[in-house]
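Novice: For reference, the structure I am asking about is given below.
The values are calculated or read from the model by the stated rules, or taken from the named source; none is laboratory data. Computed from a predicted model, the values in this text were never measured in an experiment. Virtual Cβ from ideal backbone geometry, glycine too; neighbours counted across all protein chains shown.
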Ligand SMILES: Nc1ncnc2c1ncn2[C@@H]1O[C@H](COP(=O)(O)OP(=O)(O)OP(=O)(O)O)[C@@H](O)[C@H]1O
Ligand SMILES: [Mg+2]
């Protein structure tokens, strides 16, 4: 039996200065599903994503990622949790320009002190169609 991938319960986020960007938000995301968060500019979408992914802490409420409560974790523990359990595709990519594509892909594993399984990496890049690009740097790829 698997639980939610992400579960937010009564999450509020009040920024310094007093802006209440999230007000008592609850959201459950089940494994294998896609969720689109829509709303006007300034309505709190990025704040929601940051709290749900452990990039930021809510002011109150519970955030569980893969069953782990992250609302109360300090920055170091949140960093470890993101590294081990969260995948990000940023709008601005945030790839390391000096590293090859392969080294960008395996960087989190290497930061965690684990050695990447080359066969697994190659199976993944084959699946998404970038196997021929592994030795290139981010600036040498097309945007998509
Ligand atoms: N670091 C911050 N400090 C103070 N206020 C912030 C901070 N980040 C966001 N806000 C405020 O919180 C509210 C929600 O911002 P947020 O960035 O989550 O909105 P958004 O829905 O992602 O908007 P957009 O569609 O423009 O990206 C806004 O009023 C914004 O000004
Ligand atoms: Mg935003």
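Novice: Taking the stretch 47-63 only, how many residues are over 15 Å from residue 14 (Cβ atoms) and within 11 Å of ligand 1 (Cβ to nearest atom)?
Specialist: Qualifying residue count, the stretch 47-63: 1.
Novice: Now for a separate question. Is it the case that some residue within the stretch 86-104 is in contact with a strand residue (DSSP E or B) (Cβ under 7 Å, 6 or more places away or on another chain) and over 30 Å from residue 139 (Cβ atoms)? Even if it seems obvious, please write down each step before you answer.
Specialist: Let us first name the residues in the stretch 86-104 that are in contact with a strand residue (DSSP E or B) (Cβ under 7 Å, 6 or more places away or on another chain), namely 86.
Filter once more, so that each one left must be over 30 Å from residue 139 (Cβ atoms): none.
Scanning the stretch 86-104 turns up no residue that is in contact with a strand residue (DSSP E or B) (Cβ under 7 Å, 6 or more places away or on another chain) and over 30 Å from residue 139 (Cβ atoms).
Novice: Got a number for residues in the stretch 22-38 being part of a loop (DSSP other than H, G, I, E, B) and either surrounded by 12 or more Cβ atoms within 10 Å (Cβ to Cβ) or within 16 Å of ligand 1 (Cβ to nearest atom) (or both)? It would help to see each step written out before you state the result.
Specialist: First pass over the stretch 22-38, keeping only residues part of a loop (DSSP other than H, G, I, E, B): 30-38.
Within this subset, residues satisfying the condition of being either surrounded by 12 or more Cβ atoms within 10 Å (Cβ to Cβ) or within 16 Å of ligand 1 (Cβ to nearest atom) (or both) are 30, 35-38.
Count: 5.
Novice: Also, I was wondering about something else. Need pairs with beta-carbon distance below 6 Å; first residue farther than 15 Å from residue 88 by Cα and within the stretch 28-49, second within 8 Å of ligand 2 (Cβ to nearest atom) and modelled with pLDDT of 95 or more; sequence gap 6+ or separate chains.
Specialist: Within 6 Å, the pairs are 37/45; 39/45.
Novice: Any residue at all in the stretch 39-59 that's touching a strand residue (DSSP E or B) at 6+ places or on another chain (Cβ under 7 Å), within 30 Å of residue 130 (Cα to Cα) and not in a strand (DSSP E or B)? Steps first, answer last, please.
Specialist: First, pick out the residues of the stretch 39-59 that are touching a strand residue (DSSP E or B) at 6+ places or on another chain (Cβ under 7 Å): 44, 47-48, 51-52, 54, 58-59.
Retained after the next criterion (residues that are within 30 Å of residue 130 (Cα to Cα)): 52, 54.
Narrowing the set further to residues that are not in a strand (DSSP E or B) leaves 52, 54.
Looking through the stretch 39-59, at least one residue is touching a strand residue (DSSP E or B) at 6+ places or on another chain (Cβ under 7 Å), within 30 Å of residue 130 (Cα to Cα) and not in a strand (DSSP E or B).
Novice: As an exercise: evaluate residue 87 against (1) touching a helix residue (DSSP H, G or I) at 6+ places or on another chain (Cβ under 8 Å); (2) under 26 Å from residue 106 (Cα atoms) and give the number of the one condition it does not meet.
Specialist: For residue 87, the failing item is (1).
Novice: Of everything in the stretch 39-51, what is surrounded by fewer than 10 Cβ atoms within 10 Å (Cβ to Cβ) and more than 8 Å from ligand 2 (Cβ to nearest atom)? Give them in sequence order.
Specialist: The first filter runs over the stretch 39-51 and keeps only residues surrounded by fewer than 10 Cβ atoms within 10 Å (Cβ to Cβ), leaving 39-41.
Those that are surrounded by fewer than 10 Cβ atoms within 10 Å (Cβ to Cβ) and more than 8 Å from ligand 2 (Cβ to nearest atom): 39, 40.
Novice: Evaluate the stretch 103-116: report whether one residue or more is at pLDDT 90 or above, at positive phi and surrounded by 14 or more Cβ atoms within 10 Å (Cβ to Cβ).
Specialist: no
Novice: While we're on this one: From (1) within 25 Å of residue 36 (Cα to Cα); (2) modelled with pLDDT of 95 or more, pick out the condition that doesn't hold for residue 90.
Specialist: Residue 90 satisfies all of (1) within 25 Å of residue 36 (Cα to Cα); (2) modelled with pLDDT of 95 or more except (2).
Novice: Sticking with this one: Check residue 79 against each of (1) in the same structural domain as residue 19 (by TED's automatic domain parsing); (2) more than 16 Å from ligand 1 (Cβ to nearest atom); (3) touching a helix residue (DSSP H, G or I) at 6+ places or on another chain (Cβ under 7 Å) and name the one condition it does not meet.
Specialist: It is condition (3) that residue 79 fails.
Novice: Okay, next question. Evaluate the following for residue 64: is it assigned to a strand (DSSP E or B) and surrounded by 11 or more Cβ atoms within 10 Å (Cβ to Cβ)?
Specialist: Details: assigned to a strand (DSSP E or B): yes; surrounded by 11 or more Cβ atoms within 10 Å (Cβ to Cβ): yes.
When the stated conditions are applied, residue 64 passes them.
Novice: Here's something else I'd like to know. What's the number of the only condition in (1) part of a helix (DSSP H, G or I); (2) at pLDDT below 90 that residue 72 fails to meet?
Specialist: (1)
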